[in-house]
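Down below is the structure, laid out as structure tokens.
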Amino acid sequence: MSPLIPPFHAIANVVGGIFVFFIVVSMGIHYSGYWYADYLPVQNSHAYDNSGYRYDVTEILTDFQFDEAKYFAYSPLYLPTQFALAYGLAFATIAAVIVHVALYHGRSIWAQMKMARNQEDDIHMRLMKKYRDAEDWWYAVLFVTMLALSFVVVCAWPTSMPWWAYVVCMVIPVVWTIPIGIVQAVTNIQLGLNVLTEYIVGYMLPGRPLAMMIFKNYGYVCMSQALFFAQDLKLGHYMKVPPRILFWSQLIASIWSAIVQIAVMNWALGAIPDICTDTQANQYTCPNAKVFYTASVIWGAIGPARMFSGDALYSSLQWFWLLGAITPIITWFLARRYPRSIWRYVNLPLVFGGSGWIPPATAYIYFCWGTVGAFFNYYLRRRNQGWWLQYNYVTSAALDTGLIVSTFIVFFALWMSGAQPPVWFGNVEALSTLDMVSRAVKSAVPPGETFGPSTWP
Amino acid sequence: MIWPSDLVNCTLFYTLHDHSPSDPAKTGGWTIGRHKWFLIVWTGSFIWYFFPGWIFQGLSWFCWLTWIWPESVIVNQLFGGYSGYGLFPLTFVSTLFSMLCIPR
């Protein structure tokens, strides 16, 4: 996501949240040794066992189902400090976005719902009225078809997911699409529902990793894609694309991209050597897939009850639900009491949830992103607004597209041709520091020994 | 509700069809047209990626303090960007920012 796009107040909220939670709070936890942090790195996308190695999920599964006896014989699950904290912040985000949107936007949502299509048209709408609208029943038919296909997927294959779980799953996007959509439409940052879906399915269907991944995809990705779809409809609206053409081009493009994605993924898994290992030569290390996998183990196989309930190690993170639900009320009152103060710009869903890509993204990436964003959207915008209006967005587009084409060329012409990059400090030593190999850990566990309690929930 | 990233796409589409120069009275003195500016920045971005992508991969995670003390746990925890706090945020590549948008 280009840092030149979001408005400065959004960037400031995100970076402020990262500083408070991922630097200050996280340092307090890490250097006090809470959560056995001495034996774990500050952050990466992996889960660890009690000997300080990566958690080996095959040790606790039998036929892809959770095996309790094996789990007690092996180890509880330990997370790097920032990874664990990220779950707490996800709880806070989910609660905060509902409270925030209800307080700040509740009245206007209600007014718009009542008016529906009887509102006064803006200039875009007046121009768009020349075209025939895409019929509502087109969307209805599409919805029913896809719903039926999803039921077939869930019930016809051995997914270990009952049909009613899919019904529960559809309720989630219905509730959260509008609150999260409002935040995205204003700030260009989409908050994630991944942890909420994981949490619900983890308590509902414990011990079934595959069902958990399906639930998460249908529950969270539905909302995510719905909002990108809405964003594209808005683009069509801005560019005056006829609604009927827009409908068909989106539908055909979606189907085509599904086919291409499956084909490319199968090709990549077969053709790229060492793909998804940490030592892959061109850094095709699959960071997102790894987080997805770790999450499926935490929530699907082991289940949230063993991680977050009762006297489990990470149960204190449940307080973040309360934190997320209460704090927006405080900022709302402050913003109303002092309407000209900085409180007007505080957006707690962003403070908690803007950091939603950690892990696999890191605080470092966010700080770099925030610095560039602040330079363009604060400094340049104030210093030379004419330049910003004329060139900011086109600069963003040029940087991104130039980079994308370049990565393609470098990948296919250089890496795939078997050529070797120059061997020197900047390609070897710079990539083998303790930090880059995730080994910056204070205490090593002696071979054969373990850390942490001897019995666990 | 503006949907900011749509503005970037709109700007790009207009720019690709409008090759006129800019009015320096409105742009803080710059006369270069958006289209020409786009091509220059695009080319620069294209050429630049060959450095972090092939010639000097350390430019992405430019945590230079960890290069001086690569074996120090505390330096790597505080200043390492990949698995540490990244307290000296400096990078030369925007590919890193692409990690901030993929659903996981």
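Nothing in this text is a laboratory measurement; each read-out follows from the coordinates by a stated rule. These numbers come from a predicted model, not from an experiment. Virtual Cβ from ideal backbone geometry, glycine too; neighbours counted across all protein chains shown.
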Throw me the Rg/Rh for chain A, computed over C-alpha atoms with Kirkwood Rh, two decimals. 0.96
As an exercise, use a Förster radius of 60 Å and the Cβ-Cβ distance of A:A156 and A:R382 to find the FRET efficiency, rounded to the nearest 0.05. 0.55
Kindly give Rg over Rh for region A:251-294, based on alpha-carbon atoms, with the Kirkwood expression for the hydrodynamic radius. 1.08
Distance (nanometres) between label positions extended 7 Å along Cα→Cβ at A:K442 and A:T145: 5.9 nm
For region A:330-429, count all C-alpha to C-alpha pairs, find those more than 17 Å apart, and express that count as a whole percent of the total. 75 percent
Of all chymotrypsin sites (Phe, Trp or Tyr not before Pro) in chain B, the ones in DSSP coil with at most 16 other Cβ atoms within 10 Å are B:F92
Can you give me the C-alpha center-to-center distance between region B:35-77 and region A:172-186, rounded to a whole angstrom? 35 Å
Among the complete DSSP H segments of chain A, which ones combine at least 24 Å of alpha-carbon extent along their axis with a mean Kyte-Doolittle hydropathy of 1.6 or more? A:136-156, A:163-187
log10 I(q)/I(0) for chain B, Debye formula on C-alpha points only (no solvent), q = 0.14 Å⁻¹, two decimals, reads -0.81
Sticking with the crude label model, points 7 Å out along Cα→Cβ, report the distance from B:F13 to A:L103 in nm, one decimal please. 3.8 nm
Please get the size of the charge dipole for chain A, origin at its Cα centre, with Cβ charges of +1 on Lys and Arg and -1 on Asp and Glu, quoted in debye to the nearest 20. 1960 debye
How much length is gained if the chain between A:T371 and A:Y284 is pulled fully straight, taking 0.36 nm per residue apart and subtracting their Cα-Cα distance, in nm to one decimal? 28.7 nm
Equivalent ellipsoid semi-axes - Cα gyration tensor, region A:313-387, angstrom: 29, 22, 6
With a bin width of 10 angstrom, please list the P(r) values of region A:38-179 as percents of all Cα-Cα pairs, from the 0 bin to the one holding the largest distance. 8, 18, 24, 25, 14, 9, 2
Over 29 Å (Cα to Cα) - which of A:K240/A:K290; A:K70/A:K216; A:K129/A:K216; A:K290/A:K442 fall in this group: A:K240/A:K290; A:K129/A:K216
Ignoring GluC sites (Glu not before Pro) that are buried or in helix or strand per DSSP, and keeping those with at most 10 other beta carbon atoms within 10 Å, what is the longest stretch of chain A between them? A:121-448
Expressed in Å to one decimal, the Kirkwood Rh of region A:60-137 from all distinct alpha-carbon pairs is 18.6 Å
What is the average number of partner chain Cβ atoms found within 10 Å of a Cβ in B:64-75? 4
Hey, rough spin-label estimate for A:K240 and A:W424, points 7 angstrom out along Cα→Cβ, what's it come to in nanometres? 5.4 nm
Computed Rg/Rh of region A:221-328, alpha carbon atoms with Kirkwood Rh: 1.13
Return the aspartates and glutamates within reach of B:K36: Cα separation strictly under 13 angstrom, same-chain partners fewer than 8 residues apart disregarded; answer none if there are no such residues. B:D18
Sorted by Cβ neighbour density within 10 Å, fewest at the top, the residues A:I23, A:I404: A:I404, A:I23
Take the alpha carbon atoms of region A:190-261, find their center, do the same for region A:21-69, and report the distance between the two centers in whole angstrom. 30 Å
Taking every pair of alpha-carbon atoms in region A:214-261, give the share separated by more than 16 Å as a whole percent. 48 percent
When Cβ neighbours within 10 Å are restricted to other protein chains, what is their mean count per residue of peptide A:354-366? 6
Counting every C-alpha pair in region A:182-283, the percent lying more than 16 Å apart is 73 percent
What is the distance in Å between the Cα centroid of region A:405-424 and that of region A:286-317? 37 Å
Kindly provide the trypsin sites (Lys or Arg not before Pro) of region A:216-295 that DSSP labels as loop, not H, G, I, E or B, and whose Cβ sees at most 11 other Cβ atoms within 10 Å. A:K240
Can you tell me, using C-alpha contacts under 8 Å and at least 6 residues apart, the relative contact order of chain B as a whole percent? 15 percent
Test of understanding: express the Cα radius of gyration of region A:123-218 as a ratio to 2.2 N^0.38 Å, with N the residue count. 1.39
Working note, region A:1-83: Cα radius of gyration (Å, one decimal) and Dmax (Å, whole number) are 17.7, 52
Set the Förster distance to 41 Å, then compute FRET efficiency between A:Y34 and A:M204 from the Cβ-Cβ distance, nearest 0.05. 0.85
Which loop-located chymotrypsin sites (Phe, Trp or Tyr not before Pro) does region A:378-440 contain, where loop means any DSSP state but H, G, I, E or B and the Cβ has at most 16 other Cβ atoms within 10 Å? A:W424, A:F425
Bins of 5 Å from zero: percent of alpha-carbon pairs in region A:382-457: 3, 10, 8, 10, 11, 10, 9, 10, 11, 8, 5, 3, 2, 0
